[in-house]
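The values are calculated or read from the model by the stated rules, or taken from the named source; none is laboratory data. Keep in mind it's a predicted model, so treat the numbers as computed, not measured. For neighbour counting, all protein chains shown are included, and Cβ atoms are generated from backbone atoms with ideal geometry for every residue, glycine included. The area values use the complete protein model at the heavy-atom level, side chains included, leaving out ligands, DNA and RNA. Shrake-Rupley method; radii C 1.70, N 1.55, O 1.52, S 1.80 Å.
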Amino acid sequence: SMINDSFLKSVFIMGDIVILLLALIFSFIIEKEAGYYECKKCHHKFVPTYKAVMFAMHMGTTRHLRCPECHKKSWAKKVMSK
């Protein structure tokens, strides 16, 4: 509100949006790369694709994913250590 120039305001808003998008992308990459998921049905440990992580329903660290081993969907829990 202290800036009167509308062009300068729009530059600051666009800069904030870019920073927000970069932070979201970075956090998404960390979410996918850190750890692995364990299937509840067959206990197979796997790392899903970016597409699977992005579109899967989730609650906290648990996602509804299709296991590459048994090919069944289940609520796979994220495991951070091997």
Members of the stretch 1-51 found to be farther than 30 Å from S74 by Cα, in contact with a Phe, Trp or Tyr (Cβ under 9 Å, 6 or more places away or on another chain) and of a type outside the set (A, V, I, L, M, F, W, C), listed by number: none
Mind checking which pairs have a first residue in the stretch 6-29 that is under 16 Å from Y50 (Cβ atoms) and a second that is open to solvent by 100 Å² or more (accessible area, probe 1.4 Å) and part of a helix (DSSP H, G or I), Cβ under 9 Å, 6 or more apart or different chains? F28/M54
For the stretch 37-82, give me each residue that is over 13 Å from the mean Cα position of the chain (by Cα), within 23 Å of S27 (Cβ to Cβ) and open to solvent by 70 Å² or more (accessible area, probe 1.4 Å). K45, W75, K77, M80, S81, K82
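Scan the stretch 64-82 for residues that are among the charged types (D, E, K, R) and at pLDDT 90 or above and report the count. Show your work before the answer.
So in the stretch 64-82, the residues among the charged types (D, E, K, R) come out as 66, 69, 72-73, 77-78, 82.
Checking the rest, the ones that are also at pLDDT 90 or above come to 66, 69, 72-73.
Total satisfying the criteria: 4.
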Of the residues in the stretch 1-26, how many are surrounded by 10 or more Cβ atoms within 10 Å (Cβ to Cβ) and either touching a helix residue (DSSP H, G or I) at 6+ places or on another chain (Cβ under 9 Å) or small (G, A, S) (or both)? 4
